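Reading through the structure tokens given below for one structure.
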Amino acid sequence: MADYYGLLGLDHGASQDDIKKAYRKIARELHPDVNPDPEVQNKFKEVTAAYDTLSDPQKRQQYDMGAQGGFGGGFGGGFGGGGFSDIMDAFFGGGGNRGPRPRMRQGQDALIRIEVDLFEACFGVEREITLESAVVCQKCTGQGTANNSAPSMCPVCKGRGETQFVQKSFLGQVMTSRPCNNCSAYGSVITDPCRECAGDGRVRARQTINVKIPAGVETGNRIQMAGRGEVGAGGGPAGDLYVEIVETDHDFLLRDGDNLHIAIEVSFTAASLGTTVKVETLEGPVDLQIKAGTQSGATLPIKGKGMTRLRTTTRGDLIVHVDIATPHKLSREQEKLLKEFAQSRGEKAGDVKIKRHKEGLFTKFRDSFGR
């Protein structure tokens, strides 16, 4: 069992005022706006749980009895260790409120999508993004009250956060409880709310955040930024911000995991005789040798010119798909020379060679470019 008194720096005889003062002091030091470190935020959650228990007389009594080896856990079994009152609630529908709930609550996570181009996805980039979210009210520092005032005890539930009434059952009259409607189960009411946040302890505001996008990301990847989401009610700890990556299309490069693909077109004579061509990459043009006799549909890899593998420094390959351009129109002299060339190779017009059809990657690649 956690030492709630130790977390707040109190002894077991501490008064309610002592508990409240100790919690406010520690909460300000551990608040996400002061220190967003995840370990500090875990400590903040523990301190908040300690305050939630010790600030409620009934919960505190149960905690003290459990800490002293009393009957706090004696009803373990099927009723969650809550004691006789939980057993009665299970049969007679008693409320599960168990005292006032804290005004300070955990904030929600937030999601924002940003677009990156292929170059940024490959090499990483740092972006400055602006978003609107809930932040701590600077006017009241999250307390929700004006003029440094404090919430006052609810006159209906007397600070318990719940109201009790008698309910008839087959066993007779049973005392049951429900969350207090007057104070929304807080046990206190804010009679002088902050004019800026209307008592909520937070306001909507635009804020600018720097996001470091690592090399190798792709569409659907999410970057988690702890404590940069929505601040909770009452100035509670913020949730997390998730930045989702959307990769935009490139003009002539197509991504396939860690590899990139590009289609080039070379002339019939260049493919027959062999040549060296310039191929565009993410970092500029590089030389690629086209060997003599290269066929249409051939794939030539350029090592290490693909995408960076996420969380590494290695890169995939750039796969070059070669398409041989067949001349559409020939002059009479060119037609004569081609016929002489065909005769020298023993080729006859109308000769064909039947080959088994296989739909290759390049066919899909060209279709994706609408060729």
Residue 145 being on the phi > 0 side of the Ramachandran plot, hydroxyl-bearing (Ser, Thr, Tyr) and outside the structural domain of residue 20 (by TED's automatic domain parsing): no
Within the stretch 272-312, the residues that are among the polar types (S, T, N, Q) and without any contact (Cβ under 8 Å) to a residue 24 or more places away in the chain are 272, 275, 276, 289
Residue count for the stretch 24-55, restricted to those that are charged (D, E, K, R), over 16 Å from residue 105 (Cα atoms) and at pLDDT 80 or above: 1
Taking the stretch 269-285 and keeping residues more than 38 Å from the chain's Cα centre (by Cα) and either part of a strand (DSSP E or B) or more than 17 Å from residue 301 (Cα to Cα) (or both) leaves 269, 270, 272, 273, 275, 276, 277, 278
Looking at (1) surrounded by fewer than 15 Cβ atoms within 10 Å (Cβ to Cβ); (2) touching a strand residue (DSSP E or B) at 6+ places or on another chain (Cβ under 6 Å), which is the one condition that is false for residue 181? (2)
Only one residue in 303, 291 is under 22 Å from residue 260 (Cβ atoms), at pLDDT 90 or above and loosely packed, with under 10 Cβ neighbours inside 10 Å. Which one? 303
Here are 191, 176: which of them is out of contact with any Lys or Arg (no Cβ under 7 Å at 6 or more places or on another chain) and exposed (fewer than 13 other Cβ atoms within 10 Å of the Cβ)? 191
Over the stretch 9-21, the set of residues at pLDDT 85 or above, small (Gly, Ala, Ser) and either loosely packed, with under 10 Cβ neighbours inside 10 Å or touching a Gly at 6+ places or on another chain (Cβ under 6 Å) (or both) is 15
With the stretch 57-131 as the region, which helices (runs of 4 or more DSSP H) entirely inside it contain at least 2 residues that are at pLDDT 50 or above and surrounded by fewer than 16 Cβ atoms within 10 Å (Cβ to Cβ)? 57-67
Selection from the stretch 317-337 of residues at pLDDT 90 or above and among the β-branched types (Val, Ile, Thr) yields 319, 320, 322, 324
Taking the stretch 194-239 on its own, how many of its residues are assigned to a strand (DSSP E or B) and among the polar types (S, T, N, Q)? 4
Identity of the residue in the stretch 225-274, modelled with pLDDT of 95 or more and among the polar types (S, T, N, Q), that ends up surrounded by the fewest Cβ atoms within 10 Å (Cβ to Cβ): 248
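The values are calculated or read from the model by the stated rules, or taken from the named source; none is laboratory data. From a predicted model like this one, the values you see are computed outputs, not experimental measurements. Positions of Cβ are generated from backbone atoms using ideal geometry, with glycine treated the same way; all protein chains shown enter the neighbour counts.
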